[in-house]
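Quick notes on the structure that follows.
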Amino acid sequence: MNVRIWIVRVLLALALLCVGLAGTLLLIVDPNDFKPQIVQAVRDNTGRELTISGDLGLEFFPYLSVSIGEIELGNSEGFTGPFLTLTGAHLKARLLPLLFSRLDVVAIDIEGLSLYLSRDAEGRGNWMDLAAPAAPDSGSDDVPVLVRDRRVPVLASLIVDGLEISEARIVWDDRRSGESFEISGIRLDVSDFAFGEPFVVDTHAMATRGGITGELDFTAKAVLEMDRLTVENLAMEAVLSGASLPSSPETVSLSLDFFSTDGRIDNGRMQGLGLDVRFSANAGTGSETRGGLDVARFNPKDVFARLGLAFPAFTDPSALEQVAFSCAWTAVGDRIDVSDLLLAVDDSALKGKVVVLGRTNPHVTLDLHLDTLDLGRYTPMSQSSEKQSTEAASTKTKEMPLTALRALNLNATLAVDAMTVSKVQVSDTSLRLTAKEGVIALEEIKTSLYDGRLSGSASMDVRGQTPRYSWSHAILGVQVGPLLRDLHGQDSLSGTMESSASVTSLGQSSMDLRRNLNGKVDFKVEDGAIHGMNITQLLRDGIRKVKGQAPGPEEPPRTVFSLLSASGNIISGVETTPDLLLLAPRFRITGSGQTDLVREVLDFSLLIALEGTQGQFEEATLGLRGVPVRVSGPVREPTFSPDMTAVLQGLGLRGGQAVQDVLRGVGSGVNKGVEGLKNLFK
């Protein structure tokens, strides 16, 4: 007998046998009889209850066809409602490949799939008990999870001509954050799927969140392998609409030339809402991954307006209208290096690099350089008067984020070419900041300002419940006049200043900080002048008036001095000054006293001596060499009270009132000078 004929007859007999067996199974087997076994199998493997409301269907010709009606899978313990519901599903597979242990699916149709994902207040998700994989063949974490899981290789031979999911939805409810949203109307079409072979994905869905509805369309060409997923020509478009979007509808698009789960992204781009973002990533040597991010120049005001968000008002209406960002990055293990960083804000550019090491409490290293910045442009507009703001700051204590501050692990350096702070211009500024285990320290502050230099340091210790602060500085060669003119619009005091300070405090409110202030301060202004008043002229004309003479010639409204200095010792918010000194050509002022920084009142005793660095007045002083003066009351508006008993003893009743008037003017002038110094530290 011909062998080929024999083989054909055997195959024909087998086919007839299969048809006969299939017919017999259809006649004697009811698939619904297996519902209890299916329910029990789900209960044994997941611990959840499966409810099968619909009928099970089974056909063998022309394909193996399995269908199921309505089902519901119960939720995890502690959650209410179902985890998953399904209206119906239908699978068709070719019979002959099953004989060779290969599942060749003609079609999979899933209708009305609803997935309810929840997270409770403790952060536990209702899917977590299903996420534990089956026993792995290899314990190595280097082996992909799809290879380690014994359940997956069985699917390696799966071939699906078509997969269609219709009217599916996903509901998310996060009780920890209070966030919830829903994606509905999900339609998924996949054609010619097989492991290791390209297939086309086409998806449509509707998402709703916070009053905004997004209509999503997604297409891509993908390849699913045992160890990775690759996607080519991905294109996603979302049309957003809602009452909170003033320019509704808004279109947001995402495109990728190539994407893979091993970390490669080619030509990624996101556009919409006024933003244009490009990104990429590629695997380097070993476990290294490299990438880049580029955010094209955009207007934040436009983005906020299109999102229906209120944009903060700044003192400069044109501030924060142009922003751009770009960087390159490299990731190896738990280390990320960000290089070529560029943040452009209006006319300012920040460049540098960032290193992040570790995933839990990461250590961050910053090395940044800023070309120019005017901080005054970005000061938020006050919503209340200065008085109300001051009162609120004094009476209301804002809770500091102590936990977040204690977690900071930072080492940063910043260099600034030129910067304006509260109208004060500084240049060549460098800062070095560290933060570790609750101690945040500005270890170095250096800057040039007004022909002089400032160097200092500061720290904040938040390891305890009450933050502790320290500050120290040294100022050399600063020209006070231009500084005050920029700071307050007028140079009430001029000269070359030196100053130093070393103070500590603790507390959370400004009142607490003043109450607990301790330390030392001092200042010295040389070859300067008090502007707006000529104290020398006041004293001269006062003496001439006492002698019955006419006033002398008018002089410029300024009081020249060779030295103005003082030092202070601060204990619990009270500053004691033992050595106030003002040296002028024809007089000098010495004094001592206290300033209560909490109540903002002072009490000083001054002695105005009518002889200075260049001698006495030409008019002489009628034997009166000095006048004691008490300065007391509010710091901003003190009262000057001369010791008239001493005056009358030297001049008699005739000259007492005249000298009192003169000293009142002198006090006003000295107060201007001291107020100018105080303005430096506001």
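The values are calculated or read from the model by the stated rules, or taken from the named source; none is laboratory data. Predicted, not measured: the structure shown is a model, and the values here were computed from it. Every residue, glycine as well, gets a Cβ built from its backbone with ideal geometry; the counts of neighbours run over all protein chains shown.
Output the residues belonging to the range 204-224 that are more than 27 Å from Phe181 (Cα to Cα) and crowded, with 16+ Cβ neighbours inside 10 Å.
Ala222, Val223, Leu224, listed by residue number.
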Problem set entry | Test set (1) over 21 Å from Ser244 (Cβ atoms); (2) modelled with pLDDT of 85 or more; (3) of a type in the set (Val, Ile, Thr) - Val201 fails condition number | (2)
Exercise. Just checking, how many residues over the range 576-597 are touching a residue at least 60 places away in the same chain (Cβ under 8 Å) and surrounded by fewer than 15 Cβ atoms within 10 Å (Cβ to Cβ)?
Worked result: 0
Seminar exercise, completed: Within the range 482-499, of all residues that are in contact with a Lys or Arg (Cβ under 8 Å, 6 or more places away or on another chain) and part of a strand (DSSP E or B), the one surrounded by the fewest Cβ atoms within 10 Å (Cβ to Cβ) is Glu498
For this session: Name every residue in the range 317-360 that is in a loop (DSSP other than H, G, I, E, B) and under 16 Å from Ala281 (Cα atoms), in order of residue number.
Result: Gly333
Seminar exercise, completed: Every listed condition ((1) in contact with a strand residue (DSSP E or B) (Cβ under 7 Å, 6 or more places away or on another chain); (2) surrounded by 15 or more Cβ atoms within 10 Å (Cβ to Cβ)) holds for Asp346 save (1)
For this session: With the checklist (1) over 30 Å from Arg586 (Cβ atoms); (2) out of contact with any helix residue (DSSP H, G or I) (no Cβ under 8 Å at 6 or more places or on another chain) in hand, flag the one item Arg463 doesn't pass.
Result: (2)
Exercise. Which residue out of Ala319, Ala324, Ala331, Ala313 is crowded, with 17+ Cβ neighbours inside 10 Å, within 22 Å of Leu373 (Cβ to Cβ) and in contact (Cβ under 8 Å) with a residue 24 or more places away in the chain?
Worked result: Ala319
Seminar exercise, completed: When restricted to Gly352, Gly376, the only residue of a type in the set (Gly, Ala, Ser), at pLDDT below 90 and surrounded by 15 or more Cβ atoms within 10 Å (Cβ to Cβ) is Gly376
Exercise. Can you pull out the residues in the range 502-561 that are assigned to a helix (DSSP H, G or I) and within 30 Å of Met460 (Cβ to Cβ)?
Worked result: Ser510, Met511, Asp512, Leu513, Arg514, Arg515
Problem set entry | Matching residues in the range 414-439 - criterion: being touching an Asp or Glu at 6+ places or on another chain (Cβ under 8 Å) and under 24 Å from Pro467 (Cβ atoms) | Leu431, Arg432, Leu433, Thr434, Gly438, Val439
Exercise. Quick check, is Asp491 touching a residue at least 12 places away in the same chain (Cβ under 8 Å) and either within 22 Å of Leu449 (Cβ to Cβ) or among the polar types (S, T, N, Q) (or both)?
Worked result: yes
Problem set entry | Failed item, numbered, when Ser422 is tested on (1) surrounded by fewer than 15 Cβ atoms within 10 Å (Cβ to Cβ); (2) small (Gly, Ala, Ser); (3) touching a Ser or Thr at 6+ places or on another chain (Cβ under 8 Å) | (3)
For this session: Could you tell me which numbered condition Val239 fails, if it satisfies all but one of (1) at pLDDT 90 or above; (2) farther than 27 Å from Arg306 by Cβ?
Result: (2)
Exercise. Give me the pairs: first residue in the range 523-545 and modelled with pLDDT under 75, second residue polar (S, T, N, Q), beta-carbon distance under 9 Å, and six or more apart or on different chains, which are they?
Worked result: Ile543/Gln549; Ile543/Thr621
For this session: Identify, by number, the condition in (1) surrounded by 14 or more Cβ atoms within 10 Å (Cβ to Cβ); (2) within 26 Å of Ile165 (Cβ to Cβ); (3) aliphatic (A, V, I, L, M) that Ala235 doesn't meet.
Result: (1)
